[in-house]
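All of the numbers you see were taken from the coordinates with simple rules; none came from a lab. Remember, predicted model here, so these are calculated numbers, not experimental data. Cβ atoms come from the backbone with ideal geometry, glycine included; neighbour counts cover every protein chain shown.
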Amino acid sequence: MSTRGMQSPVVKFCFASLSRTLLVPRVAFRANEKAFVMSRICLPGTFAAMLALSALFSLVYPLGAFAQAVAGLGAVAGTVRDASGAAVPNATVVVSNDSKGVRRTMQTTDAGVFAAPALVPATGYGIRVTGQGFADWEVKDFQVQVGQVVDFAVTLQVSSVSATVEVSAAPLVEDAKTDVSQVVNSQQILDLPINGRRVDSFALLTPAVVPDGNFGLLSFRGIAGHNAFLTDGNDTTNQYYNENAGRTRIQSQISQEAVQEFQVVSNNFSAEYGNAMGGVINTVTKSGTNDLHGTAYWFFRNRTLNARDRYASFNPQDIRHQAGVSLGGRIVKNKLFYFFNYEATRRDFPAIASVTTPNLFTTTGTVNQTTNLCPGTAPQATAAQCQAAIDMLNTRNTGTVSRTVTQDLGFGKIDYHLSDRNSLSFSLSGLRWISPHGIQATGIVFNTGNAIGNNADSTVRNAYGRAQWTSIISANLLNEARFGWFKDRLFDPASDDFLFPGLGRASLTVNSTGNLGVAANYPRLNPSETRFSFADNLGWTKGAHTMKFGIDIAHTEDFQRQLINQFGTYSYATLNAFALDFSGNTTGAKNWTTYSQRFGNPTVDTNLVTYGFYGQDQYRFNSRLLLSFGLRYDYSAIPQPTIVNPDYPQTGVIHSTKDNIAPRAGLSYVLTNDRKTLLRAGYGIFYARYQTGLINTLFLNNNVYQQSITYNRSTPAQLAAGPVYPNNLPSTSFSPPPGTVDIVFASPNLRNPYTYQANLGVEREITSTLSLNVSYLWSRGVRLYGVWDRNVGPLGSPVTYTIQDASGNPAGTYTTPTYRTPRPDPRYRRISQIDNPGMSYYDGLAVQVNKRFSRGFQASVSYTWSHAIDLNQSTADNNIFFGSTPTSFANGDFRSEKGSAASDIRHRFVVSSIWTPTLTKSSSTWARYLVNNWELSQVTTLQSARPVNSTTAFSVNAFTGALVAGSLNGLGGGFSRVPFQPVDNLDLDRIYRVDARLVKKLPFTERVTGYLQFEAFNVFNTPYDTSRRTDEYSLTSGTTNLGLIGSYGTGSSTATSPDGTNARRAQVALRIVF
């Protein structure tokens, strides 16, 4: 249908909701009294909706070119003035990159503004500006980085003859930038030492980013999780866990050799980015060029140069091979390019298993028979029963556990420049990970029983694809559209290798020491996630305004198959009680304290549709001041539970909030006439995505879809209904006594959390290659998740505890109200509501010094002082599922949980450098192969200690009628922390660490170069504890005496991702580059 002569269209949207189908619009166009109607269609699947939206945006009236960087790409922009400062309109600007086949030609606006958006990040760009009556102005060989707008302030000199003014380099201070971000460039990625070759760990080089726990997660501004991970602009975040694809157990989602660079945005990012209230990591992959380039590489390590972990009695085997090839080039010069990479990892790294939890075991990993009397008090186990139980505990949980890894990575990319105005890009990545006994990958020495009692096999299948079209329809019109497909399948089979005669498949806890039986969480498919996404970005430059608009829509399906605790969990108060049941139990006696088990449908399938809309305007007020305004709106159509508990209709409703409106503003102001000093400021609101792991909790925990029982021996009916160890209850017999099951549902106003963020900073170009940036960072987290128990009656009479010192003498008292039976609804145990009571507070001062590569040297220095506070939110891995356990010590009293956050690291200092000295100017063979062509790089980290909570450890109560066993006040909430201690009061170790790499370059021919590498991580072997024994007090049965546990505060592990230890590790490598 011709649209010539038509008026601007009037667009109406109608949406039809389909089961397992995305919303598809009905669009009506009216012009000149004629109408074109696309009837209501409901094409199946996600792709149909994305096609409809793409067609819709293609028909919107012309908007014009924009200079703001698109996710996954960069941009070049600037303002052209004459010597008097007046704008120069209609000047011709050419931006080019010969190796990438890029050539953009444009004219300046009436305000002298030009823009070349959507540029592939790369080195080798050039810009040339010409104007009638002026000398030409040119900059050669500068770099465009991901998320960066390289902004030029061009001054043209009057000239009556042909002349060219050449500028030596792009500006070091970015005056078009208002966020707090840093690009880790290709030289840093390739040349800095990186342990495990997982590039997202380089984010720790940047300010306001710290480790979140010990599993390789990242915390931005003290927020536990809630980050976004993008690859070439497409979302590759696992939405179930809100982590990077494949989680941190795998070696890497993508090979280091396939990554061009990545951007870390830690504060006040643009309105284009959504689904994150923490930070954004935007990875850009490599592309082919007009020249043929390739790499073959092999990295190898074993235990020869490794230091022994401080908690290991010997240095176990650790053999790792990582090898791969990459190839990139052109198919058609300046038109069609390719890049491919394949990488394989093979690793053999057995674990050392033991249990040294002080309640039951000694520090050497044997049962402590002094404090665990067996035979004990009546009923007494026989000597034979005691010995059988002790022998099992001593032998089953110690030794060496085999672990291996097989990982294969593949990546391919095709770039097609149809013309200077249109380009297409396609990429596909795949990962296969298999690790027998590899669930517990982050550790070498496991002294809490995890290596056997909480372990299983691990498999991951991950893939994602991308199609991108960038179209410059005219000099003032650009459209960038992306389609993405993402698949992340995590399947963890149970391992029969961990079965033991007499234990069955049940989980086991004795005297508050867990992980003594079989892991309760396996097997599991958790989850198989599939996402289809579409994004479209439009914008124009009009006068001094650079405006940008966009949408993104995603359909995410999470399929899960898991029945946690399907074989049951037994908890025994004493060794004697366990010995009575473990062997010689001819009468079918039941001496357990509690027994729990879960029943029901293990399969759940959720589909979440999210919509994002944004607008952004950068206004060049004058030559010094740039203002940035943005507004983003996000909406998530949350799936509703398919089965409802009729006792509580709330179990059938999960609220979809409609008020995720996120304004954002920033400014950049040039303070000095030489344009070398810059002031930046910004403020905005940033919403987290809905984690489908939490949605999954709300589907399963209504006591209908799945049912979970907890029997307590103190209630005769429950003891009678429970099984005899080690049996479990058949699912057909689920008829629990009243008061033994929990349910969980969402608050009627539950919503996704968000943060307020602000920054104020000054950046100064000290020399042409050296800059200093000082920034104040502020953040407030709002509506963080928390849980409280609605099935609690009035507080009972208080109990006063006597706090004892190390000698057993009274050192003080603690009095607390108590939570006692009966419960208001006797049919249930806990009736828990997930709500938004949480808050977080962050104040930080960040100082950065960046040395651009010159004269063979590049360096970056980053120092951050910060204080992170929250309401005992813990780490990211504790902020996914939640459940029935209250997250505060006193029910609903979340304000009393306020204290330093688990990610509160007051001081963090990181220095990285790359040095390639030229020791002699000789070009002789001995100079090339012996004296010159060396490279030394390092990363030094100095970090304050991270805090954790002190906890209590006992399974009895000091008073009768407690709602939950093993709790000071009978509630059983607040992560078992000691309530009369400050939140997160126990510090772990400080970190003093140096990672280094030494490289010898071997120039075999003009085109072929070899690199021999040796690198070591924690070169000086300064180990640091990443966990301590946090159990501070135990309760003596039948008393109110809180006895100080002697091992409290002592170190227990140095487990660190990715090696499982922070003891020194070293490796050698060979790379061949052509």
**Request:** Report the equivalent ellipsoid semi-axes for the stretch 184-290 in whole Å, largest first, defined as the square roots of five times the eigenvalues of the gyration tensor built from alpha carbon atoms.
**Result:** 21, 16, 14
**Request:** Quick one: which residues, 5+ away or cross-chain, put their amide H under 5 Å from the amide H of Ser495? H built at 1.01 Å from N.
**Result:** Asp457
**Ordering of 295-305, 335-345 by packing [mean C-beta count within 10 Å, highest first]** = 335-345, 295-305
**Asked** Points 7 angstrom from Cα along the Cβ direction at Ala384 and Thr370: gap in nanometres?
**Response** 3.1 nm
**Asked** Taking the Cα centre of the stretch 800-855 as the origin and placing charges on Cβ (Lys, Arg +1; Asp, Glu -1), which of Gly812, Asn850, Tyr801 is farthest toward the positive end of the dipole?
**Response** Asn850
**Prompt:** To the nearest 20 debye, what is the magnitude of the charge dipole of the stretch 184-290 about its Cα centre, counting +1 on the Cβ of each Lys and Arg and -1 on the Cβ of each Asp and Glu?
**Reply:** 240 debye
**Fill in**
Taking the alpha-carbon centre of each part, the distance from the stretch 437-468 to the stretch 971-1017 in Å is 19 Å
**Complete:** The answer for Lys542, listing residues at least 5 apart or on another chain whose modeled amide H is closer than 5 Å to its amide H, is Met547
**Asked** For the stretch 524-590, what class follows from the C-alpha gyration tensor (a ≥ b ≥ c being the square roots of its eigenvalues): rounded when a/c is under 1.5, otherwise prolate if a/b is larger than b/c, else oblate?
**Response** prolate
**Prompt:** Under a straight-distance cross-link criterion of Cα-Cα below 21 Å, which lysines are reachable from Lys658, leaving out those fewer than 8 residues away in the same chain?
**Reply:** Lys12
**Prompt:** So, with +1 on the Cβ of K and R and -1 on the Cβ of D and E, and no other charges, what is the size of the charge dipole of the chain about its Cα centre, to the nearest 20 debye?
**Reply:** 1100 debye
**Request:** Determine the distance separating the Cα centre of the stretch 422-436 from the Cα centre of the stretch 882-932; give it in Å without decimals.
**Result:** 28 Å
**Request:** Show which aspartates and glutamates lie in cross-link reach of Lys542 when reach means a straight Cα distance below 14 angstrom and same-chain residues fewer than eight apart are skipped.
**Result:** Asp110, Asp617
**Ordering of 1062-1073, 715-726 by packing [mean C-beta count within 10 Å, highest first]** = 1062-1073, 715-726
**Fill in**
Restricting to lysines and to Cα separations under 29 Å from Lys413, and discarding same-chain partners fewer than 8 apart, the set is Lys100, Lys140, Lys286, Lys333, Lys335, Lys487, Lys548, Lys1001
**Prompt:** How large is ³J(HN,Hα) for each residue in the stretch 708-716, as worked out from phi by the Karplus curve 6.51 cos²θ - 1.76 cosθ + 1.60 (θ = phi - 60°), to whole Hz, x for Gly and Pro?
**Reply:** 10, 10, 9, 9, 10, 5, 5, 9, x
**Item:** Calculated from backbone phi, Karplus (6.51, -1.76, 1.60) coupling profile of the stretch 995-1011 in Hz, x at Gly/Pro
**Value:** 10, 9, 9, 10, 10, 10, 8, 10, x, 5, 9, 5, 10, 10, 10, x, 10
**Distance (nanometres) between label positions extended 7 Å along Cα→Cβ at Val1008 and Lys921** = 3.2 nm
**Complete:** Note on the stretch 74-167: alpha-carbon gyration tensor, axes a ≥ b ≥ c; rule is a/c under 1.5 for rounded, else prolate if a/b larger than b/c, else oblate; result prolate
**Listed candidates (i) 52, 45, 35; (ii) 55, 34, 26; (iii) 46, 39, 34 - label of the one calculated as semi-axes √(5λ) of the Cα gyration tensor in Å** = (ii)
**Message:** Given points 7 Å out from each Cα along the Cα-Cβ axis, report the Ser84 to Thr130 separation in nanometres with one decimal.
**Reply:** 2.5 nm
**Fill in**
Note to self: C-alpha centroids of the stretch 222-292 and the stretch 104-163 sit apart, in Å, by 30 Å
**Beta bridges by DSSP in the stretch 74-167, antiparallel share as percent, to the nearest 5** = 65 percent
**Request:** In whole Hz, with x marking every Gly and Pro, tabulate ³J(HN,Hα) for the stretch 1060-1074 from phi via Karplus 6.51 cos²θ - 1.76 cosθ + 1.60, θ = phi - 60°.
**Result:** x, 7, 10, 5, 4, 10, 9, 8, 10, 8, 10, 10, 10, 10, 9
